[in-house]
Amino acid sequence: MPDVKPRRLSDAEIAENFSDMHPPLSRAEALIEADRCYFCYDAPCTEACPTDIDIPGFIQKIRSDNINGAAHTILRENIMGGMCARVCPTEILCEEACVRMTHEEKPVRIGLLQRHATDPVFEEDVQLFTRGRETGKNVAVVGSGPAGLSCAHRLSMLGHNVVILNRDDKPGGLNEYGIAAYKTVNDFAQREAEWILSIGGIELRSGVALGDDFSLEQLREEYDAVFLAFGLGGTNRLNVANEDIDGVLNAVDYISQLRQADDKGDLPVGRNVVVIGGGMTAIDIAVQTKRLGSERVDIVYRRGPEQMGASQYEQEFAQTSGVHIQHWSQPKRLLVEDRVSGVEFERTTIDADGTLRSTGETWSLNADIVFKAVGQTANTHILGKLAKELRQQNGKLVVDDNRMTTLPDIWAGGDCIYGHDDLTVTAVQDGKIAAKAIDRYLAAGD
Amino acid sequence: MADLASEFLGIKSPNPFWLASAPPTDKAYNVNRAFEAGWGGAVWKTLGEDPPIVNVSGPRYGALHSNERRVIGFNNIELITDRPLQVNLDEMRQVKRDWPDRALVASVMLPMNEPTWAKYVPMIEDTGADAFELNFGCPHGMSERGMGAAVGQVPEYIQMAAEWCKKHATIPVIVKLTPNVTNILPPARAAWEGGADGVSLINTINSIMRVDYDSLTMYPATDGMGSHGGYCGSAVKPIALHMVAEIARHAETSRIPISGIGGIGDWRDAVDFIALGASNVQVCTAAMIYGFKIIDDLTDGLSNFLDDKGISSVDGLVGKAVQSVTDWQYLNLNHVEKAVIDQELCIKCGRCHIVCEDTSHQAITHTVNGERRFEVIDEECVGCNLCVSVCPVDGCITMQPLTSGVDPRTGQAIDSNKADWTTHPNNPMRKETS
């Protein structure tokens, strides 16, 4: 019998399990940590930051108690410096590059210092940026995730009028619907989005979807420029029989429900859960399910730990959270008793030529719930008739260094462009770079 | 084990570490605790005439902190003892009786007339104190009343008061010097000529710590107003070492026994003072920051150091470095050093590069063959030691002498003969070489 039910844990246990993953530093902790920064020249941490934040510069300002100055140094390069302080995989970015790694293998905790510097901005609603002199130009931004909000904010700073067309009910994109709950507590994604929009000059229209409610042709007619940041569409399939039976769920959908739930305890949770995939979504669904009270959670990935999309740090985080990670196995078939009851896997190996193949050996796991976390698909079909004029690769938009597509008045960024690494911080950089390019384009048109 | 037993002006103590005259030696309670902890001696908080002075009932201390709130520098506006003289004398007598092997020195500050000295000096000596220390150094409060640093800044007054004290005392007299002078030699000489048996230095330095960033008033303040205080702690050590070395290396003062004071926090600081000419040392600020327990590291560290050096007693270290202190004009201008960066130890922070690039001689690379790499460019390096000073990794950058060949910066062959400014062709006042 399947064992799927809500409230496997008490309210107090769930509250504890979904509290801040990395609690903020106290002022004393921040000052001691800031003192560890060597104020490097041409700092490797800044080099490693996709948004080029002057990290030694903002840490120096923390040291001198110039917190608003520190926040400005961060946010002028990365308007989502607050969220990135919470979700950036710093262990493979700035903190990996920190020279203290060479010195003592303990980097300056840059992520937590960035949070220390930026938290007061949102808590006290400090407006650090002002809208530039009005240019009278109008730009449409499709999508309100990190790329869209970053682009809109920068365009407003440059004096342009922006309309954000947002498919969802709330702004924020994956910040609001996709990130694990314990990484962004206290409704931070909404507070950050509201703060970004409060600069003015940005109209947010929610519940309208490209392809359904308006077309790209319409946008080109009505606006002087368009920035596309609509993210990804559906999820990849496992391509096994009975994939649509009860108990087989898309991880991203469940994570979204979890983020939007008024009471996380209401969500039904399986006793034995199998997660198929190897990226951040797999880690996030596995850990969150465990924290909702699943007894046994297994992530099964078809290749080895080095090939997983999730960093080693994230893999260890899952394991210390009680999640089992099984490598070199892929689903062969779903075991079914009215609904899913388990998964049979076949072991895999890599041939001399590098292709993955089954060894023929099989094994299985019981499962009350199976989560699919094997990647998301592009959804460029929403581009309509213009799709053929916009060059694409693997179903994603191809852009140049300025994030311009193959149409001169259309830019794109975030998960919908080819070559994107699926990080929030990179999406923010896309939006920033595109906004600057759009500004130059609009100025040249005058 | 090296022998730490110390004898200064004939005063014996089990180690060369005395507590300086200051709040830690204000009363028997504190001094007993210090002696229990192992301190070799104590200079009692400065005695004065009755009625006793009064102190402010507000902030007396201010600190210069590192970011981790380590105290780097410290200042105070506390005056001399604010207790009746007889209370102090009674306690001193008892402490000396209870701790006969420890040095107990009476610090005194008296008005500038002989009858006062004639009255108080025998009374204080009667406690059994081992010596007097004349406080001619306090730079705040008492100096406004013509005592402390007001005396110490006028060599004639120093000599006069030293003579009065010597005349009425049978125990040794130490004169404590103020650093608030342009040249420490005349005050030291005056003390010696007045008959003093030795000098101690430095007292504290005139200072204001900072302003309060909210009220934009001086900080610390008493009811909105502040007064300059005496600066001490680690930050003043280099100033004190210079003054100690000046007295030790000049012929007219080199015979004067010195008790070194100023920023001693660990045994290495004590080695600095002793090697530059002090026979013993006095400590205050470090004890006020960490308590008396620091004596463990001071004695243990000094003893281990002496063992490592093969020196059997503290006396063997006294003045060892004095001969290496000279005037600039006698430095060997033919000696050439270059910085060398150990690439194995380098953590690639780039601090050496940027300080050299921005503020010195553009002698350190930033990129080599497209890689982040910091190497010294010998053609530009003047051997200034800036990179060594800023490098966060101990031992990563060292200065290495060029002993042969050509200095790539000047194109001049290395000359093993010494040559200094006194004979340099660019010196219009040069002496002819033979």
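The values are calculated or read from the model by the stated rules, or taken from the named source; none is laboratory data. Since the structure is predicted, the reported quantities are computational estimates derived from the model, not experimental observations. So basically every Cβ, Gly included, is an ideal-geometry build from the backbone, and we count neighbours across all protein chains shown. Note: areas computed on protein heavy atoms with side chains; ligands, DNA, RNA excluded. Shrake-Rupley method; radii C 1.70, N 1.55, O 1.52, S 1.80 Å.
Return the calculated 222 nm mean residue ellipticity for chain A, to the nearest 500 deg cm²/dmol, obtained by summing -39500 (n - 2.57) across DSSP H runs with n ≥ 4 and dividing by the residue count.
-10000 deg cm²/dmol
Between residue B:421 and residue B:206, what is 0.36 nm times their sequence separation minus the Cα-Cα distance? Round to one decimal in nm.
So the extension gain works out to 73.9 nm.
Hey, got the average number of other protein chain Cβ atoms within 10 angstrom for residues in A:61-67?
Partner Cβ neighbours, averaged per residue: 1.
For segment A:363-385 and segment A:148-177, compute the distance between their C-alpha centroids and round to whole Å.
Spelled out, the Cα-based centre of one part sits 26 Å from the other.
Tally the DSSP beta bridges in chain A and give the antiparallel ones as a percent, rounded to 5.
Around 40 percent antiparallel, to the nearest 5.
Please compute the net charge surrounding residue A:383, taking Lys and Arg as +1 and Asp and Glu as -1 over other residues with Cβ under 12 Å from its Cβ.
Residues near residue A:383 contribute +3 overall.
Compare the peptides A:196-204, A:240-248, B:403-411 by average per-residue count of other Cβ atoms within 10 angstrom and give them in order, highest first.
A:196-204, A:240-248, B:403-411
Quick one: if the Förster radius is 22 Å, what FRET efficiency do residue B:315 and residue B:98 give, using the C-beta to C-beta distance and rounding to 0.05?
0.20
Report the charge-dipole magnitude of chain B in Debye, nearest 20, computed about the Cα centre from +1 at each Lys and Arg Cβ and -1 at each Asp and Glu Cβ.
460 debye
In whole percent, how big is the carbon plus sulfur part of the accessible area of segment A:1-97, probe 1.4 Å, protein atoms only?
Heavy-atom surface of segment A:1-97 belonging to carbon and sulfur, 1.4 Å probe: 51 percent.
With +1 assigned to the C-beta of every Lys and Arg and -1 to the C-beta of every Asp and Glu, and no other charges, what is the dipole magnitude of the protein assembly as shown about the Cα centre in debye, to the nearest 20?
660 debye
Based on the mean of other Cβ atoms within 10 Å per residue, sort peptides B:248-256, B:416-424 so the most packed one is first.
B:248-256, B:416-424
In angstroms, what radius of gyration and Dmax does chain B have, counting Cα atoms only?
Radius of gyration, then largest Cα-Cα span, for chain B: 24.8, 81 Å.
Work out the charge dipole of the protein assembly as shown with +1 on the Cβ of Lys and Arg and -1 on the Cβ of Asp and Glu about the Cα centre, then indicate which of B:192, B:231, B:95 is farthest towards its positive end.
B:192
Which value results for Rg/Rh of segment B:394-434 when Rg is the Cα radius of gyration and Rh the Kirkwood radius based on the inverse mean 1/r?
Radius of gyration over Kirkwood radius for segment B:394-434 works out to 1.12.
Modelling each spin label as a point 7 Å along the Cα-to-Cβ direction, I'd like the residue A:389/residue A:66 distance in nm, to one decimal.
Inter-label distance under the simple model: 4.9 nm.
If packing is taken as the average number of other Cβ atoms within 10 Å across a peptide's residues, how do B:275-288, A:297-310 rank, most packed first?
B:275-288, A:297-310
With runs of 4+ DSSP H residues as the only contributors, calculate the mean residue ellipticity of chain B at 222 nm using -39,500 (n - 2.57) per run, divided by the residue total and rounded to the nearest 500.
-8000 deg cm²/dmol
Specify which residue in the list A:431, B:23, B:152 is farthest towards the positive end of the charge dipole of the protein assembly as shown, using unit charges on the beta carbon of Lys, Arg (+1) and Asp, Glu (-1), about the Cα centre.
Projecting each Cα onto the dipole axis, the largest value belongs to B:152.
Need one number: nm distance between label points at residue B:5 and residue A:319, each 7 Å from Cα along Cα→Cβ, rounded to one decimal.
In this crude label model, residue B:5 to residue A:319 measures out at 6.3 nm.
Only Lys, Arg, Asp and Glu count, each charged at its Cβ (+1, +1, -1, -1), so figure out the dipole size of segment A:36-123 about its Cα centre, rounded to 20 debye.
260 debye
What number, in nm² with one decimal, is the all-direction average of the projected area of the convex hull of the alpha-carbon atoms of segment A:36-123?
Computed as one quarter of the Cα hull surface, the answer is 5.0 nm².
Determine the per residue accessible area of chain B with all protein chains present and a 1.4 angstrom probe, expressed in square angstrom.
On a per-residue basis, chain B sits at 46 Å².
Could you give me the radius of gyration and the Dmax of segment A:294-343, taking only the C-alpha atoms into account and expressing both in angstrom?
Looking at segment A:294-343, its Cα Rg and Dmax stand at 12.8, 38 Å.
Treating cross-link reach as a plain straight distance, find the aspartates and glutamates whose alpha-carbon is under 12 Å from the alpha-carbon of residue B:12, omitting any fewer than eight places away in the same chain.
Of all the aspartates and glutamates, those that pass the test against residue B:12 - Cα under 12 Å, at least 8 places apart if same chain - are B:101, B:130.
With a 1.4 Å probe, what is the total accessible area buried between chains A and B, in Å² rounded to the nearest 100?
Its buried surface, counting both partners, is about 1200 Å².
For peptide A:37-46, compute the average count of partner chain beta-carbon atoms within 10 Å of each residue's beta-carbon.
Partner Cβ neighbours, averaged per residue: 5.
Which value in Å is the Kirkwood Rh of the protein assembly as shown over different Cα pairs?
About 33.5 Å for the protein assembly as shown.
Can you tell me the FRET efficiency between residue B:335 and residue B:156 if r is taken as the Cβ-Cβ distance and R0 is 41 Å, rounded to the nearest 0.05?
Computed FRET efficiency for residue B:335 and residue B:156: 0.45.
Given a 1.4 angstrom probe, what's the average accessible area per residue across segment A:36-123, in square angstrom?
Averaged over the residues of segment A:36-123, the accessible area is 36 Å².
Is there a simple number for the mean count of other chain Cβ atoms within 10 Å of the Cβ of residues in B:342-351, and what is it?
Partner-chain Cβ atoms within 10 Å, mean over residues of B:342-351: 5.
For chain A, find the longest principal axis of its Cα atoms and tell me its angle to the long axis of helix A:110-123, 0 to 90°, nearest 10.
Value to nearest ten degrees: 70.
Which listed residue (A:392, A:312, A:343) has the Cα farthest towards the positive end of the charge dipole for chain A, taking +1 on Lys and Arg C-beta and -1 on Asp and Glu C-beta about the Cα centre?
Of A:392, A:312, A:343, it is A:392.
For the protein assembly as shown, give me the percentage of DSSP beta bridges that are antiparallel, rounded to the nearest 5 percent.
So the antiparallel bridges amount to about 45 percent of the total.
Taking R0 as 22 Å, what FRET efficiency do you get between residue B:54 and residue B:225 from their Cβ-Cβ distance, rounded to the nearest 0.05?
After rounding to 0.05, the efficiency reads 0.85.
What is the distance, in nm, between label points placed 7 Å from the Cα along the Cα-to-Cβ direction at residue A:19 and at residue A:444?
So the two model labels end up 5.4 nm from each other.
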